[in-house]
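> Below is one structure. I have some questions about it.
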Amino acid sequence: MARIAFVVIPPFADWEPALLAAGARDDFRDQVSWWSPGGRPVPSIGGMTIQVDGAVEDFSPEKADALVLIGSSTWMTPQSPDLTPLLRRAVEAGLVVAGICGATLALARAGLLEGRAHTSNDLEFLQKHAPGYQGAAHYRDVPQAVRDGRIITASGAAPTTFATEVLGALHPDASQAMVDFRAFFAREHQAP
């Protein structure tokens, strides 16, 4: 059983954590917790409001095995929280650290993408919104999530492979389950 801590900021992209959180809880019996700046409830793009378990300012790496940041348009603004110290502590503690869509900007700003294979919404997105980003040589222009060690990144259009990469990193003995999970959700994209 693993412990996954999700960080959400308003308005979070509600489709991005759905498969990961549900698969973790239902298929692996993992513990899932939700964190936000100030511990405040967070509205989603689709109009849901999530009640969180705590303030991200109070989060410490020993509380989880994975720290997963979910996308939001706020990551592209000056109102974006600076999670650099937390992200660096999480990496140093050996947690899986993952970001999807706009949340990849937080990983880029923290310098976590330098020297590591990664992806995002696109390379220009990282270059425009993450001053000081130095990872272009390792950027992968692919539609799937990318895992390099314990760092996982994905575009907002890749919640399925994001889920399988995070779960695969947490449950390395379940590789066939990850293949099956991915294949199941990919069926709708196959030509009739």
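The values are calculated or read from the model by the stated rules, or taken from the named source; none is laboratory data. The shown structure was predicted, so the numbers you read here are calculated from the model rather than taken from an experiment. No Cβ is skipped: glycine too gets one built from the backbone with ideal geometry, and neighbour counts run over all protein chains shown. Ligands, DNA and RNA are stripped out before the accessible areas are found, and what is left, the full protein with its side chains, is counted by its heavy atoms. Shrake-Rupley method; radii C 1.70, N 1.55, O 1.52, S 1.80 Å.
> Would you please give the residues with an amide H less than 5 Å from that of R140, counting only those at least 5 places away or on a separate chain, with H modeled from the backbone geometry?
Answer set, sorted by chain and number: H118, T119.
> Find the centroid of the Cα atoms in segment 152-192 and in segment 96-126, then give the distance between the two in whole Å.
Comparing the Cα centres of segment 152-192 and segment 96-126, I get a distance of 19 Å.
> Please report the antiparallel percentage of the DSSP beta bridges confined to the chain, to the nearest 5.
On the way: 6 of 27 bridges.
For the chain, the DSSP antiparallel bridge percentage is about 20.
> Could you give me the ³J(HN,Hα) list for segment 127-135, computed from phi with Karplus coefficients 6.51, -1.76, 1.60 and θ = phi - 60°, whole Hz, x at Gly and Pro?
Karplus-based 3J(HN,Hα) across segment 127-135 equals 5, 6, 9, 10, x, x, 4, 10, x Hz.
> Can you tell me which of 77-90, 141-154 comes out highest on packing, and rank the rest after it, using the mean Cβ neighbours within 10 Å? Display every interim value, and only then the final one.
Working: 77-90: 15.5, 141-154: 19.4.
In descending order of packing, they fall as 141-154, 77-90.
> What are the ³J(HN,Hα) couplings of segment 92-105, residue after residue, when phi is run through the Karplus curve with 6.51, -1.76, 1.60 and θ = phi - 60°? Round to Hz, x for glycine and proline.
4, 7, x, 6, 6, 10, 9, x, 10, 6, x, 5, 4, 5
> If packing is taken as the average count of other Cβ atoms within 10 Å, what order do 91-97, 49-55, 62-68 fall into, highest mean first?
Numbers: 91-97: 18.3, 49-55: 14.6, 62-68: 21.0.
Most protected by this proxy first, the peptides run 62-68, 91-97, 49-55.
> Now, a different point. Suppose a student asked you for the relative contact order of segment 1-96, using Cα pairs under 8 Å spaced at least 6 residues apart; what percent would you report?
Values: 173 pairs, mean separation 33.6, N = 96.
35 percent.
> Same structure, new question: If you build a Gaussian network model of the chain, linking Cα atoms that sit under 10 Å apart, which residue out of S120, S44, S72 swings the most?
Highest fluctuation of the listed residues: S44.
> When the helices in the chain are scored as -39500 (n - 2.57) per DSSP H run of 4 or longer and the sum is shared across all residues, what 222 nm value do you end up with, to the nearest 500 deg cm²/dmol?
Numbers: 6 runs with 57 residues, N = 192.
Here the helix-only value at 222 nm equals -8500 deg cm²/dmol.
> Using R₀ = 45 Å, calculate the FRET efficiency as 1/(1 + (r/R₀)^6) where r is the Cβ-Cβ separation of A191 and K63; round to 0.05.
So, using R0 = 45 Å, E works out to roughly 0.50.
> The list [x] 16.7, 49; [y] 20.6, 73; [z] 15.4, 49 gives values of Rg and Dmax of the Cα atoms in Å, and only one came from this structure; which label was calculated from it?
Of the listed options [x] 16.7, 49; [y] 20.6, 73; [z] 15.4, 49, [z] comes from this structure.
> Probe radius 1.4 Å, ligands and nucleic acids ignored: give me the carbon and sulfur share of the accessible area of the chain as a rounded percent. Each step should come with its number before you reach the end.
Values: 4600 of 9020 Å².
Looking at the chain in its full context, I get 51 percent from C and S.
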